[in-house]
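Participant: This is the structure I want to talk about, given as structure tokens.
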Amino acid sequence: MSQERAVPASSVPLEELSSWSEELCRRELPSVVPRLLSMYQHSESWIENVQILKIIIEMFLPHMNHLTLEQTFFSQVLPKTVKLFDDMMYELTSQASGLSSQNLEIQTTLRNILQTMVQVLGVLTGCVQHVCATQESVILESIHSLPSSVLHIIKSTFVHCKNSESVYSGHLHLVSDLLQALFKEAYALQKQLMELLDMVCMDPLVDETADILNMVLVIHSLLDICSVISSMDQAFHANTWKFIIKQSVKHQSIIKSQLKHKDIIASLCEDTIFSFHSCLQLAEQMTQSDTQDNADYRLFRKTLKLCRFFANSLLHYTKEFHPFLSDSCCILHQLYLQIYSKFPPSLYAVRVSKAHQEEIAGTFLVTLDPLISQLLACQPFMQVVLDRKIDLPCELQFPQCLLLVVVMDKLPSQPVDVQTLWCAESQLSESATRISLLKAIFYSFEQCSGELSLPVHLQGVESKGQAEVAVTLYQHVCVHLCTFITSFHPSLFPELDAALLDAVLSSKMITSLLAMDAWCFLARYGTAELCAHHVTLVAHLIKSCPAECYQLINLSILLKRLFFFMAPPHQVEFIQKFSPKEAENLPLWQYISFQAFSAELRKQTAHEVTKVGTAQCRKWLGSSRTLEELESLNIALSALLAVCNSASEALDIGQQTEVIEVASQLWVFLNVKQVTSQPYVQQTFSLLLPLLGFFVPTVDPQLISQVVTLQTSLLKLEPPDHVRLAIVDFVPSLGRLFIPKAIQDKILPSLSYILALLLADRNWLVEQHTLEAFTQFAEGTNHEEIVPQCLSSEEAKNKVVAFLEKARFVDETEAAKVERVKQEKGIFWEPTANMTVEEAKWPSLQPYAKRARHEFPSEEEYRSALQAAAGALEATESLLQKSPAPAWLLLEVEALQERIEKLKRYIL
């Protein structure tokens, strides 16, 4: 020892220093360490630098005052260490492209650099271990250079390992052993650093700005590392996240306002979705595989647990930092949508077995449910979900609908102010407007056309003593909506009324139907007085409709349904308020089913409506019979038809005879030209046919002959669809008719011609109705000889046979069906994809303008159109004189000739 002291410490070689005893190092520390630090700062050799660093940390660091480590050591050594590591990484990356088994020089160089980097990481790990061992608690400011420097080096290492496949250009195997060692050392270093950071103490009563900023920097640096290692080591990735959440919560009272909460939540959501997709891919592979691979299943279970871990971490973080979620709500909303868009029964889900579905749902998806509960009171989340201008792609519309239903289910357990937050219309500025929850549900529901048409099935509700049954999306939304109505807070009933009425008036039939079902439930669940009030309200709305429109049709269906739930005393009050004795109330009575009344009331009201309706018809017959007065006539006919449909047994022989006489007299005024050109006359025609159909056995055969003749002439002129459908619906009634021999030769050929034309119709709706009507006619008619005459073509025969055998025209696999529906949904959604919610809904609230009384083309318009046609023909003739005609021209001219012949028939 005396010999060692004889040599000045400042001149001892590095190799000798490594053999010094602990006592000698402690004694000579004041003189040796400054020299070593100076050498370290000025040395250009990587190997020497590492050697010096190793000696300082292993030999002298244990003897330094831990309270002054930052000033005396970390602040002087670590910046140079970071630069040293960065220089080595740059050199490594620069030369890596030249690596090959033939180029031994490059190979040796790269391996030497990697070995040196491994040593650096090992030395830093020892440094962190020493700090952990010497202190029970750590003040971050006293070591602040250490975490930041170490985290920078760790991240750089992991990035290089992650990109190694591309960096080493197919020659990774030549250095893979050292890269593995590098990763392990970085792993060990981070693990040790997290142990050190776990010892950090921060006093919430002391405002240490430096400590706060340092801890925030540490957490954000670890967050960056998480994004790098997410696909490299699942366990390590999860442990890093666990540490981030733990430290954030541990020091939240001090650092909560400094953390980048949006970045943390975004990363958590990203890792959750990534793990979930990996889980689905494994489940899909196992579903497609014929054999069950235990290794695959173990990996599936491991990935599923990782999904649950991330979801629970997100749940924990959002709970602790709830006040700071305002700018993260959009991310959380998208997380929910993205997950459920890839999970059955979404059309865009991967195909996985039922068992795997249940396992994923029971292990992972259940954790998302409490997350929604936490966010209900968060106004920014509500604003995102109910945003009036929300624009979701097709695959996210179904998840949005599911989310809204989940929110609706949870609201009854929330305070009134939270319910109001979601259910009341926005009073905010235009830039932040949103719709109410109920309106959003109806709007979102109608976007799920593909899911409704397939239909997709969701988990049902267990009923008493019965197993759970899967339900359609329509049933799912309807049941939950009705359940929500039962717990609706009284103060929000105006919002409920407005949402239901708005949806009933929707242009989308399925939306209107859902609203009607919910409204009818409300009528049954609520008081009799509420039901009566709603019936009266709808009745006034119907009477105030300016003209025929889809809103009027929707309201009329709702009125008819609600009427069945009215108490008898309220029905009597309704009759008194909207007396059927007054012609002005006929527009209302045409939409009421008389079956809703008791036998006595049914007979009374049926007689009164019939009396007023026939009087209105006779009034028209006795008037100038102008087209302007046809609207009131059609209302009267529609009311008579309502009586026949729902209360024909209540009419006595005299009233039946009067209806037949009126209908017969009206029929005389119909002709082909008027029916083909005048919408009001078309409506009259469509009402008279079913009216005559009720009493067809007692109608004069000559009138039946006129009816059939007119139908034949109309079909030759290709009338509108609704006219053809009226003819189709009249056909079954002729099956009940025995036609006298005197007119059989006139009626039967026309009847077979009518059925043959309708069976050949290319409109699928007309075709389907015709097949049904033909079957009923064939089963009931006494004139069986006409049946084969209607099947004039092989195509018609095949259609009827296929219909009777209930055969499918197209065999389609389930997968092909789903793909077709997805394509159709994309096409149908495209026109409104960029519309706001309000823009998409607003047209449905506007009735069509009332049709003008005289919408007849003027003579000038006819002349102008004809001159344009003549000019086009002259131009074509001039072209033919200059050059030969193209091959297609003859076909086009023949088509024009056919259209001219058709125009002649209209004129005649």
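Participant: Taking only segment 134-156 into account, find how many residues are over 12 Å from Val218 (Cβ atoms), modelled with pLDDT of 95 or more and among the β-branched types (Val, Ile, Thr).
Facilitator: 1
Participant: Answer yes or no as to whether Leu758 is at pLDDT 80 or above and surrounded by 19 or more Cβ atoms within 10 Å (Cβ to Cβ). Full working, then the answer.
Facilitator: Values: at pLDDT 80 or above: yes; surrounded by 19 or more Cβ atoms within 10 Å (Cβ to Cβ): yes.
For Leu758, the condition - at pLDDT 80 or above and surrounded by 19 or more Cβ atoms within 10 Å (Cβ to Cβ) - is met.
Participant: Only one of these is assigned to a helix (DSSP H, G or I), in contact with a His (Cβ under 9 Å, 6 or more places away or on another chain) and touching a residue at least 40 places away in the same chain (Cβ under 8 Å): Ala523, Ala518, Ala539. Name it.
Facilitator: Only one candidate passes the filter, namely Ala523.
Participant: If we scan segment 351-362, do we find a residue that is more than 21 Å from Ser289 (Cα to Cα) and surrounded by 20 or more Cβ atoms within 10 Å (Cβ to Cβ)?
Facilitator: No, every residue in segment 351-362 fails to be more than 21 Å from Ser289 (Cα to Cα) and surrounded by 20 or more Cβ atoms within 10 Å (Cβ to Cβ).
Participant: Please determine whether any residue of segment 529-552 is in contact with an Asp or Glu (Cβ under 6 Å, 6 or more places away or on another chain) and crowded, with 20+ Cβ neighbours inside 10 Å.
Facilitator: Within segment 529-552, not a single residue is in contact with an Asp or Glu (Cβ under 6 Å, 6 or more places away or on another chain) and crowded, with 20+ Cβ neighbours inside 10 Å.
Participant: Are any residues in segment 99-155 among the small types (Gly, Ala, Ser) and more than 51 Å from the chain's Cα centre (by Cα), and if so, which ones?
Facilitator: Within segment 99-155, Ser100, Ser101, Gly122, Gly126, Ala133, Ser137, Ser142 qualify.
Participant: Continuing with the same structure: Is at least one residue of segment 568-589 under 30 Å from Trp667 (Cβ atoms), over 45 Å from the mean Cα position of the chain (by Cα), at pLDDT 90 or above and surrounded by 21 or more Cβ atoms within 10 Å (Cβ to Cβ)?
Facilitator: yes
Participant: Show the residue pairs that are 6+ apart or on different chains and have beta-carbon atoms under 8 Å apart, the first residue being within segment 791-817 and in a helix (DSSP H, G or I), the second being modelled with pLDDT of 80 or more and among the hydroxyl-bearing types (Ser, Thr, Tyr).
Facilitator: Val800/Thr775; Phe803/Thr775; Leu804/Thr775
Participant: Next question, about the same structure. Within segment 316-365, restricting attention to residues that are farther than 16 Å from Gln281 by Cα and among the charged types (D, E, K, R), which residue is farthest from the chain's Cα centre (by Cα)?
Facilitator: Glu320
Participant: Filter segment 661-692 for residues that are over 45 Å from the mean Cα position of the chain (by Cα), of a type in the set (Gly, Ala, Ser) and crowded, with 20+ Cβ neighbours inside 10 Å and give the result.
Facilitator: Ala663
Participant: Among the listed residues Ala606, Ala647, which satisfies the condition of being under 45 Å from the mean Cα position of the chain (by Cα), of a type in the set (A, V, I, L, M), part of a helix (DSSP H, G or I) and surrounded by 18 or more Cβ atoms within 10 Å (Cβ to Cβ)?
Facilitator: Ala647
Participant: One residue is enough: does segment 609-623 have a residue meeting the conditions part of a loop (DSSP other than H, G, I, E, B), within 24 Å of Glu548 (Cβ to Cβ) and not aromatic (Phe, Trp, Tyr)?
Facilitator: yes
Participant: Mind listing just one residue for me: the one in segment 425-473 that is modelled with pLDDT under 65 and outside any loop (DSSP other than H, G, I, E, B) and, of those, nearest to Gln397 (Cα to Cα)?
Facilitator: Ala432
Participant: Then there's this: What are the pairs with Cβ atoms under 7 angstrom where one residue, in segment 656-675, is free of Cβ contacts under 8 Å to residues at least 40 places away in the same chain and farther than 17 Å from Ser705 by Cβ and the other, located anywhere, is part of a helix (DSSP H, G or I) and among the β-branched types (Val, Ile, Thr)? Sequence gap at least six, or different chains.
Facilitator: Matching pairs, first to second residue: Gln674/Val681.
Participant: I'd like to know if segment 732-741 contains one or more residues that are under 20 Å from Gln702 (Cβ atoms), part of a helix (DSSP H, G or I) and free of Cβ contacts under 8 Å to residues at least 12 places away in the same chain.
Facilitator: yes
The values are calculated or read from the model by the stated rules, or taken from the named source; none is laboratory data. Here the structure is a predicted model, which is why all the values come from computation and not from measurement. As a convention, Cβ positions derive from the backbone with ideal geometry for all residues, glycine included, and neighbour counts pool all protein chains shown.
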